[in-house]
1. Specify the residue that is surrounded by the fewest Cβ atoms within 10 Å (Cβ to Cβ); the eligible residues are those in segment 11-49 that are closer than 19 Å to Ala121 by Cα and of a type in the set (Val, Ile, Thr).
2. With the checklist (1) of a type outside the set (D, E, K, R); (2) part of a loop (DSSP other than H, G, I, E, B); (3) under 11 Å from Tyr83 (Cβ atoms) in hand, flag the one item Pro145 doesn't pass.
3. So which pairs qualify, if the first residue must be in segment 61-74 and more than 19 Å from Glu157 (Cα to Cα) and at pLDDT 95 or above, the second must be open to solvent by 20 Å² or more (accessible area, probe 1.4 Å) and in a strand (DSSP E or B), the Cβ gap must be under 7 Å, and the two must be at least 6 apart or on different chains?
4. For the subset of segment 381-417 comprising residues that are within 16 Å of ligand 2 (Cβ to nearest atom) and in a strand (DSSP E or B), which member is surrounded by the most Cβ atoms within 10 Å (Cβ to Cβ)?
5. Return the residues of segment 317-340 that are away from ligand 1 (no atom under 16 Å from the Cβ), farther than 21 Å from Glu287 by Cα and touching a strand residue (DSSP E or B) at 6+ places or on another chain (Cβ under 9 Å); say none if nothing qualifies.
6. Select from segment 312-346 the residues that are without any contact (Cβ under 8 Å) to a residue 12 or more places away in the chain and open to solvent by 60 Å² or more (accessible area, probe 1.4 Å) and list them in ascending order.
7. Given the conditions (1) at positive phi; (2) surrounded by fewer than 17 Cβ atoms within 10 Å (Cβ to Cβ), which single one is not true for Glu303?
8. Being touching a residue at least 40 places away in the same chain (Cβ under 8 Å), closer than 21 Å to Leu413 by Cβ and of a type in the set (Gly, Ala, Ser) is the filter; apply it to segment 136-193 and report the residue that is farthest from ligand 2 (Cβ to nearest atom).
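The values are calculated or read from the model by the stated rules, or taken from the named source; none is laboratory data. Every value quoted in this text rests on a predicted model; they were computed, and no experiment measured them. Cβ sites come from the backbone with ideal geometry, for glycine too, and all protein chains shown count toward neighbours. What goes into the accessible areas is simple: the full protein's heavy atoms, side chains included, and nothing from ligands, DNA or RNA. Shrake-Rupley method; radii C 1.70, N 1.55, O 1.52, S 1.80 Å.
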Amino acid sequence: MSVDPVLARIDSDLPNSLDRLLELLRIPSISTDPAFKKNCDQAADWLVADLQSMGIDASKRETQGHPMVVGHSDGPGPHLLFYGHYDVQPVDPLSLWHRDPFDPEIQDTPKGKVIRGRGAADDKGQLMTFLEACRAWKAEHGTLPCKITFFFEGEEESGSPSLIPFLKANADELKTDIALICDTGLFDSRVPAIVTMLRGMLQEEITITGPDKDLHSGMFGGAAINPIRVLSHIIAALHDENGRITVPGFYDDVPDLPDDMMAQWENLGFDHKAFLAEVGLDTLAGEAGRSALEMLWSRPTCEVNGIGGGYQGDGFKTVLPSTASAKISFRLVGQQDPHVIRDRFREMVSAMLPPDCTIDFISHGASPASVMSVDNPAFDKARAALSDEWPDPAAFVGSGGSIPVAGYFQSILGTESMLIGFGKDDDQIHSPNEKYDVDSFHKGTRSWARILAALTQG
Ligand code: BES
Ligand code: ZN
């Protein structure tokens, strides 16, 4: 089965492929907000119907949360699993969007055509690259080149609470020779990338309570403890003057980057000044003495993702608030155990509380870092296939983001993952005005056709 007619069909069918993607983007499948539960269901139904329209045996599987979608297609050769997520991030602040996030359109921009809308890049546009490659393959050859299991999740953006039980309950059905995940980016617009390591994630929400009610800051201020002051003190203490995280034992299981990998990353010629300039910045703000790619790919971080307390409305209110809260996340690397880090973080901040203050913790997820098996021959085959499609050869890279499913495929199914995606740094994922380049979508679809050919025939 030759890939050339498949590539030609992908080219000629691009307008229809884009129309199908726009349909999926119109469904506001925000997984974290219960108000959009029906829409998550609707997106799952859409995917089931899309798979069925290609002759794939697909069904929606209920969970405690949002449904999974599973499809099977028989065929010769290796058995692949493809994973993507149909849920998207919330859209707020809505006022910063230039159009309705769920009324997507193709726009002409000075840098080329883009698909604008929530989920365009993360992850609906990306998952559709694989589906469209399969559609073209099937249309051209009457069958897919190998046995493929399709697996779509609707809770990736909200910590995947149903994922582990689902994988455990359906391990025999989902176990394959290798899993392909399309939820990462290119190295740059000329250089495609295969991600070899992902950071883990620990998400903690803390609420500090002082007085049992909001107080007048003139009547009580000075005498009564202010929980925002306590919270600020705790947050300020999480990093030292060199940008290192101060949670006791935090770096115990953080490995040194092997020299060969360090050299390989240096060879990538990453321009951190240009990377920062894209977002109006100039100066690296991570751990002293580390390169930008280390900071992004191989070092752990602690970030405050949100903070609240007191009066936040218009004007001014001289309140001494009863509570203050923060959402704090840690990106983890190496063998850092998210549960151990969680315990140490909780002990550290609890020990910093002054008299009369209490603290509540809510966990929003904990998953370890993962490292891919690049020795698997699939990696070199995919690298060659990508290099045929893009101007420059494909690179093996790290990724700063977290995709917990890759680790769970490994530990629960015994299936290794290969992460290939076509997003760009300026896609504004998780932000207002998210976009996916039409070029990413088109060349991404062509890339998957080539990768399927390489994995099954190479
Ligand atoms: N697609 C992203 C992960 C990603 C981001 C990979 C940037 C490569 C570059 C994914 O949907 C995501 O945002 N994951 C969350 C996971 C978290 C909620 C456990 C993340 O990384 O914050
Ligand atoms: Zn994603």
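1. Thr32
2. Just one mismatch for Pro145, condition (3).
3. Gly71/Asp57; His72/Asp57; Ser73/Lys147
4. First, pick out the residues of segment 381-417 that are within 16 Å of ligand 2 (Cβ to nearest atom): 399-409, 417.
Among the residues that remain, those that are also in a strand (DSSP E or B) are: 399, 417.
Details: Ser399: 20, Ser417: 25.
Only one residue tops the list, namely Ser417.
5. Passing the criteria: Thr318, Val319, Leu320, Pro321, Ser322, Thr323, Ala324, Ser325, Ala326.
6. Selection gives Gln312, Asp314, Gly315, Phe316, Lys317, Asp343.
7. (1)
8. So the residue we want is Ala171.
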